[in-house]
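Engineer: Structure incoming, see below.
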Amino acid sequence: PPAPPPERRKKMKWGIDISEHNRPLNWPLLKKQGLSFVILRLGWGAGHLDSRFYEYANGVLAAGLDLGVYYYSYALTEDAARAEARFTAAVLKDCGISQDRLPLGCWLDMEDADGYKEKQGLTEGEEITALCRAYLSEMKKQGYACGLYSSYSWLTDIIRLPALPEGTPLWCAQWGSTCSQENARLWQFTNALPLDGQLVDGNIMW
């Protein structure tokens with residue numbers, strides 16, 4: 001992983017985020033090699049559960065690694081965003097993962113990786129910010145603190161950060177050697193970290 005600024009280096013931990021698109025990993029071995037945390041995709045859109053979420057969550061917890069979860073939003077309305085949040089919380093409660101068992105927390109994944117939002121005419125910053133606010137607020141109502149994952153460009157040019165719930169943690173995707181979002185708690189620095197025979201998303205936490 002790239003080296004963070006000196007003032008952050010002592011607190012640095014590294015981890016990964018994965019989904020069903022990643023093959024199973026040797027969690028105990030990775031912990032011995034210095035892996036600190038894993039953030040799993042819980043699901044996406046209108047009630048779609050990641051097919052490997054339960055399997056991976058059990059493996060991560062059994063290995064003693066810190067766990068976090070993220071949810072990829074396809075919501076086009078605030079009601080749909082709140083429904084996604086309720087589904088996220090329901091899955092966590094169903095498998096007994098309370099807030100205190102999520103050291104890395106819950107994260108709303110707000111991006112447009114496949115162009116769906118743009119095709120549906122969802123491009124305005126105010127609208128996208130409202131969807132973020134609806135999901136984050138509903139998660140808090142459900143008993144889970146939640147942060148926001150997005151690219152540096154979206155966090156800078158699209159999403160209106162002051163309009164988010166106060167204290168919302170940020171997880172910034174900016175691939176390279178520098179994280180320009182100074183307030184980010186998490187930094188996704190690559191989508192091509194070689195690990196256990198495959199490429200995964202690499203992250204640093206301060």
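The values are calculated or read from the model by the stated rules, or taken from the named source; none is laboratory data. Source: prediction; values computed, not measured. Backbone-built Cβ (ideal geometry, glycine too); neighbour counts: all protein chains shown. SASA here: full protein model, heavy atoms, side chains in, ligands and nucleic acids out. Shrake-Rupley method; radii C 1.70, N 1.55, O 1.52, S 1.80 Å.
Engineer: Give, as a single signed number, the net charge of other residues whose beta carbon lies under 14 Å from the beta carbon of Arg160, with Lys and Arg counted +1 and Asp and Glu -1.
Structural biologist: Taking every Cβ under 14 Å from that of Arg160, the sum is -4.
Engineer: Counting only pairs 8 or more places apart or on different chains, how many lysine pairs in the chain have C-alpha atoms closer than 24 Å?
Structural biologist: Close lysine pairs found across the chain: 8.
Engineer: Moving on to the next point. Give the distance, in whole Å, between the Cα centre of region 87-119 and the Cα centre of region 33-49.
Structural biologist: Cα centroid of region 87-119 versus Cα centroid of region 33-49: 8 Å apart.
Engineer: In terms of solvent-accessible area of protein heavy atoms at a 1.4 angstrom probe, what is the ranking of Phe53, Phe87, highest value first?
Structural biologist: Result, largest first: Phe87, Phe53.
Engineer: Okay, moving on. Once you list every other residue whose beta carbon is under 13 Å from the beta carbon of Leu40, what net charge do they have if Lys and Arg are +1 and Asp and Glu are -1?
Structural biologist: So the surrounding residues net to -4.
Engineer: Something else now. Could you work out the equivalent-ellipsoid semi-axes for the chain, taking the square root of 5 times each eigenvalue of the Cα gyration tensor, largest first, in whole Å?
Structural biologist: 25, 21, 16
Engineer: Report the accessible area of Lys93, computed with a 1.4 Å probe over the heavy atoms of all protein chains in place, in Å² rounded to the nearest 10.
Structural biologist: 110
Engineer: Suppose every Lys and Arg Cβ carries +1 and every Asp and Glu Cβ carries -1, with no other charges. What dipole size does region 130-206 come out with about its Cα centre, to the nearest 20 debye?
Structural biologist: 280
Engineer: In debye, nearest 20, what is the charge dipole magnitude of the chain about its Cα centre with +1 on Lys and Arg Cβ and -1 on Asp and Glu Cβ, if you could check?
Structural biologist: Its charge dipole is roughly 880 debye.
Engineer: Averaging sequence separations of C-alpha pairs under 8 Å and six or more residues apart, then dividing by the length of region 47-206, give the relative contact order as a whole percent.
Structural biologist: 17
Engineer: Which of Trp175, Trp27, Ala46 sits farthest toward the positive end of the charge dipole of the chain, with +1 on the Cβ of Lys and Arg and -1 on the Cβ of Asp and Glu?
Structural biologist: Value: Trp27.
Engineer: Another one. For Trp27, what accessible surface area do you get with a 1.4 Å probe? Give it in Å², rounded to 10.
Structural biologist: Counting only protein heavy atoms, Trp27 exposes about 20 Å² to solvent.
Engineer: Percent antiparallel among DSSP beta bridges with both residues in the chain, to the nearest 5?
Structural biologist: 35
Engineer: Computed on alpha carbon atoms, what radius of gyration and Dmax characterise region 94-135, expressed in Å?
Structural biologist: 14.3, 38
Engineer: Right, here's the next one. Count charges around Ile16 for me, please; just the other residues with Cβ under 11 Å from its Cβ, Lys/Arg as +1, Asp/Glu as -1.
Structural biologist: So the surrounding residues net to -3.
Engineer: Name the residue from Tyr135, Ala80, Tyr70 whose Cα lies farthest towards the positive end of the charge dipole of the chain, charges +1 on Cβ of Lys and Arg and -1 on Cβ of Asp and Glu.
Structural biologist: With unit charges placed on the Cβ atoms, the residue in question is Tyr70.
Engineer: Show me the three semi-axes of the equivalent ellipsoid for region 71-112, from the C-alpha gyration tensor (sqrt of 5 times each eigenvalue), largest first, rounded to whole Å.
Structural biologist: The equivalent ellipsoid of region 71-112 has semi-axes of 21, 12, 7 Å.
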